[in-house]
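Step one of this worksheet: look at the structure below.
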Amino acid sequence: MTEKHSSFSVVMPVYAGDDPEYVEKAVESLNKQTQPPDEVLIVVDGPIPEDLEQILSKWLEGADLTVRSYRLKSNQGLGKALREGVVEATHDIIARMDADDVSVETRFEDQLSFLRHNPSVDVVGGQILEFDTELNEPIAERAVPSTHDEIVKEARFRSPMNHATVMFRRGAVLDAGNYRPVDRMEDYDLWVRMIMNGSTFANLSKNLLYVRAGRDFFGRRGSIEYAREEFNRQTEFYRRGFISLPRYIINTLLRVPFRLVPDSVRELIYRRFARSNPDQS
């Protein structure tokens with residue numbers, strides 16, 4: 001980049017269930033950025049196995065990137081790990097990264113440029129391509145709206161951001177109360193609180209991230225616990241005045257049963273209504 005960039009941190013939680021090979025590729029994609037991060041903060045969420053410790057040691061001790069770790073003594077879940085990471089990060093612009101995804105090489109350059117030219121925007125995300133085993137063989141795309149007004153409208157039914165793509169201004173996140181340790185939906189919970197607190201959102205029309213969507217992808221999105229959390233989030237959104245009573249009823253009737261259907265049915269619904277064919281993008 002020819003102009004001075006704003007310093008930023010990447011916050012990437014890691015826990016015992018993460019595949020060391022996937023973590024390695026995730027960090028490599030950060031190292032290959034056209035605008036590398038000034039800090040990669042790996043939040044280690046509880047004890048992790050030795051093979052994963054070895055991968056982290058490699059990057060902590062020998063990487064061109066500035067990589068450091070922050071450890072939680074026990075597994076606290078993604079919401080708590082992100083909450084700690086936002087506070088612990090060195091820089092006031094923070095990017096999210098999941099430990100099994102791969103960032104497009106120009107991701108951070110594009111997002112920083114957007115934030116620099118749009119100083120009123122607090123959160124900027126982008127589109128994602130989902131893949132099973134090979135990056136060059138995407139199986140689906142999750143498109144999200146671009147403008148703030150479209151994002152707010154979408155948020156009244158579903159999360160309007162691809163969580164792992166976001167870059168945000170820390171002050172806006174802290175002003176809204178930061179991430180909370182809610183079960184599974186910590187991002188959606190935060191976006192609604194930020195919208196109600198006056199934050200401005202945007203999504204780039206570009207694909208910024210390759211997201212793994214293997215066989216357990218749809219299984220992880222269904223359970224009694226997930227259904228309960230859907231009900232809790234929608235109830236809170238209604239009580240906060242973010243959604244109307246009719247919208248609350250519709251959301252509850254559609255979203256809660258969706259978490260209880262068989263995985264094959266959930267996959268079919270995702271593919272039909274929540275994803276698009278990347279060949280058509």
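Region 27-156: Rg/Rh from Cα coordinates, Kirkwood Rh? Mind dumping the intermediate values first?
Details: Rg = 16.3 Å, Rh = 16.8 Å.
With Rh from the inverse mean 1/r over Cα pairs, Rg/Rh is 0.97.
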- prompt: Scaled to the compact-protein estimate 2.2 N^0.38 Å, what is the alpha-carbon radius of gyration of the chain, rounded to two decimal places?
  reply: 0.97
task: Pairs to check: LYS58/LYS206; LYS32/LYS73; LYS80/LYS153; LYS25/LYS206. Give those whose C-alpha atoms are more than 29 Å from each other in this structure.
output: LYS58/LYS206; LYS32/LYS73
5 angstrom amide H check on ARG71, placed H, neighbours 5+ away: VAL44
message: For region 18-69 and region 116-151, what is the centre-to-centre distance using only Cα atoms, to the nearest Å?
response: 23
task: Please label the shape of region 86-151 as rounded, prolate or oblate, based on the square roots a ≥ b ≥ c of the eigenvalues of the alpha-carbon gyration tensor (a/c under 1.5 means rounded; beyond that, a/b larger than b/c means prolate, else oblate).
output: oblate
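Test of understanding: given the chain, find the longest segment containing no GluC sites (Glu not before Pro) that are in a DSSP loop and have at most 15 other Cβ atoms within 10 Å. List each step's numbers first, then the result.
Numbers: sites that count: GLU3, GLU105, GLU134.
So the longest stretch without any such site is 135-281.
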- prompt: What is the helix-to-structure angle for 186-196, meaning the angle in degrees between its Cα long axis and the longest Cα principal axis of the chain, kept from 0 to 90 and rounded to the nearest 10?
  reply: 70
query: Can you run phi through the Karplus equation (6.51, -1.76, 1.60; θ = phi - 60°) for region 145-161 and list ³J(HN,Hα) in whole Hz, with x for Gly and Pro?
result: x, 8, 8, 4, 4, 5, 5, 4, 4, 5, 5, 6, 10, 8, 4, x, 10
task: In nm, give the distance between the simple-model label positions of GLU109 and SER7, each being 7 Å from the Cα along the Cα-to-Cβ direction.
output: 2.3
query: So which trypsin sites (Lys or Arg not before Pro) in region 1-81 are both in a DSSP loop and have at most 16 other Cβ atoms within 10 Å of their Cβ?
result: LYS4, LYS32, LYS73
field: Residue-span extension gain [ASP149 to ARG71] - 0.36 nm each, minus C-alpha spacing
entry: 24.3 nm
For ALA143, distant residues with modelled amide H under 5 Å away: SER276
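Starting from the residue with the highest accessible area, list TYR248, TYR210 in decreasing order, probe 1.4 Å. Mind dumping the intermediate values first?
Working: TYR248 35, TYR210 60 Å².
So the residues, ranked largest to smallest area, are TYR210, TYR248.
The values are calculated or read from the model by the stated rules, or taken from the named source; none is laboratory data. Just so we're clear, the structure is a prediction, and the values are computed from it rather than from any experiment. In this analysis, Cβ positions are derived from the backbone assuming ideal geometry, glycine residues included, and neighbour counts consider all displayed protein chains. All accessible areas refer to the heavy atoms of the entire protein, side chains included, with ligands and DNA or RNA removed. Shrake-Rupley method; radii C 1.70, N 1.55, O 1.52, S 1.80 Å.
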